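Reviewing the structure listed below.
Every number here is computed from the coordinates shown, using simple stated rules; none is lab data. Just so you know, these numbers come straight off a predicted model, no measurement behind them. Note that we place each Cβ from the backbone using ideal geometry, even for glycine, and neighbour counts take in every protein chain shown.
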Amino acid sequence: MTAASLAFETARAADTDPDLQAVQVVCGRCHAPAVFLKQSRSWDRWNDVFADMTKRGANGTEEQLARVTTYFLENLTLLNVNTSPADELAWVLGVGDDVAQAIIARRERQPFANIAQLRAVPGVDPGKLEQRKSRILF
């Protein structure tokens with residue numbers, strides 16, 4: 001995908017995604033979102049980036065910052081199912097706290113080895129797993 005087509009797709013998606021709109025407003029003040037929209041990182045690493053950007057002057061309303069957080073967690077954060085804390089499991093996999101706790105209980109008995117094992121946990125949405133599988137590590 002070229003930079004121009006990525007920019008077009010991002011603009012089209014932002015028309016309907018309020019979280020992406022917030023990303024474009026907050027992050028787009030200094031650089032094009034295409035700079036980071038295809039980069040997956042751990043949540044800790046994204047927090048380092050956010051801290052650095054805040055020091056450089058990035059800001060937004062509480063709602064915008066919450067939406068930026070949601071967007072990054074749901075779309076750009078790498079997740080290790082066998083080591084990530086419950087809150088990251090819930091956000092990145094799009095599951096409730098009870099399902100995140102079930103994942104933790106299962107991995108304590110036996111670490112996950114693949115998507116099929118994760119899909120077998122009651123409450124995990126196979127569609128979301130399919131969408132996010134490139135960011136799920138074991």
message: Over the Cα atoms of region 19-118, each weighted equally, I'd like the Debye log10 I(q)/I(0) at q = 0.10, 0.11, 0.17, 0.24 Å⁻¹, rounded to two decimals.
response: -0.32, -0.38, -0.79, -1.25
- prompt: In what order do Leu89, Leu118 fall by count of nearby beta-carbon atoms within 10 Å, going from fewest to most?
  reply: Leu118, Leu89
- request: Give me the distance in nm between label points sitting 7 Å out from Cα along the Cα-to-Cβ direction at Gln101 and Arg41, one decimal.
  value: 3.2 nm
- line: From fewest to most C-beta neighbours within 10 Å, the residues Arg41, Arg109 line up as Arg109, Arg41
task: Given the options Thr61, Thr83, Thr70, state which has the largest fluctuation in a GNM of the chain using a 10 Å cut-off (strictly under) for Cα springs.
output: Thr61
